[in-house]
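Throughout, read-outs are computed from the coordinates displayed, never taken from laboratory work. It should be emphasised that the depicted structure is a prediction, and the values quoted were computed from it without experimental measurement. With ideal geometry, Cβ positions are generated from the backbone for all residues, glycine too; neighbour counts draw on all protein chains shown.
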Amino acid sequence: MLLERLRIEALDKYGDQIFTPKIEIGDNVVFNSDVHIGCINYIYIGNNVLGASRIYITDHHHGDTTEAMFKIAPRDRPLISKGPVIIKDNVWIGEGAAIMPGVTIGENCIIATNSVVTKDMPANSVVAGVPARVIKTVR
């Protein structure tokens, strides 16, 4: 099986902005094709994380939702980080999932297909939806 198109970006400069990005990836991490990881701040992916295809993990956005930003073309807006992304050990990320800025995903979580994770998820949870929410907790 040929796995392609893993895109890992640690952006240290964007326009006039300067960043000190850091990406840490643990042991035994596997991602399928078409995965994009974008970092200007900090992204941590723990041990034994399994990711399907078409996953997006980012710690930043192009601008914010203020009226002033809407007057600027999206590619010209400043990059803004709402905080690091922390994915702890033994997490399984389903096909097409998006992990957004400022999120911590606890150990042993399952992120369902096409979920958009916009807030912290506790350990031992199955999460699904847009935005993602806990649908099951395993004790």
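Along the stretch 32-43, what does the Karplus equation 6.51 cos²θ - 1.76 cosθ + 1.60 (θ = phi - 60°) give for ³J(HN,Hα), rounded to whole Hz, x for Gly and Pro?
7, 6, 6, 9, 10, 10, x, 9, 10, 10, 7, 10
For a quick check: with amide H placed at 1.01 Å from N, whose amide H comes under 5 Å from GLY38's, ignoring anything fewer than 5 positions away on the same chain?
Close amide H contacts, sequence-distant or interchain: GLU9, ILE57, THR58, ASP59.
What residues have an amide H closer than 5 Å to that of ILE25, excluding those fewer than 5 places away on the same chain, when H is modeled at 1.01 Å from N in the peptide plane?
Placed amide hydrogens put ILE45 under 5 Å from ILE25.
Roughly how many whole Å is it from the C-alpha centroid of the stretch 76-139 to that of the stretch 1-66?
Here the answer is 14 Å between Cα centres.
Can you tell me the alpha carbon radius of gyration of the stretch 1-81 divided by the globular rule-of-thumb value 2.2 N^0.38 Å? Before the final figure, lay out each step's value.
Details: Rg = 14.9 Å, N = 81, 2.2 N^0.38 = 11.7 Å.
Ratio of Cα Rg to 2.2 N^0.38 Å: 1.27.
Straight-line reach from LYS136: which lysines have a Cα under 28 Å away, not including same-chain ones fewer than 8 places off?
Within the straight-line limit of under 28 Å, LYS136 reaches these lysines: LYS82, LYS88, LYS119.
Averaging over all projection directions, find the projected area of the Cα convex hull of the chain and quote it in nm² with one decimal place.
On the way: hull surface 35.4 nm².
So the Cα hull casts an average projection of 8.9 nm².
Residue by residue, what Karplus-based ³J(HN,Hα) values in Hz, rounded to whole numbers, does the stretch 9-23 have, using 6.51, -1.76 and 1.60 with θ = phi - 60° and x for Gly and Pro?
The phi angles translate into 10, 10, 7, 9, 8, 9, x, 8, 7, 10, 10, 10, x, 9, 10 Hz.
For the chain, what relative contact order do you get, as a whole percent, if you take Cα pairs closer than 8 Å and at least 6 residues apart?
17
Net charge near PRO78: determine it from the other residues with C-beta under 14 Å of the C-beta of PRO78, scoring Lys and Arg +1 and Asp and Glu -1. Walk me through the intermediate numbers first.
Working: positive: LYS13, LYS71, ARG75, ARG77, LYS82; negative: ASP16, ASP64, ASP76.
Result for the neighbourhood of PRO78: +2.
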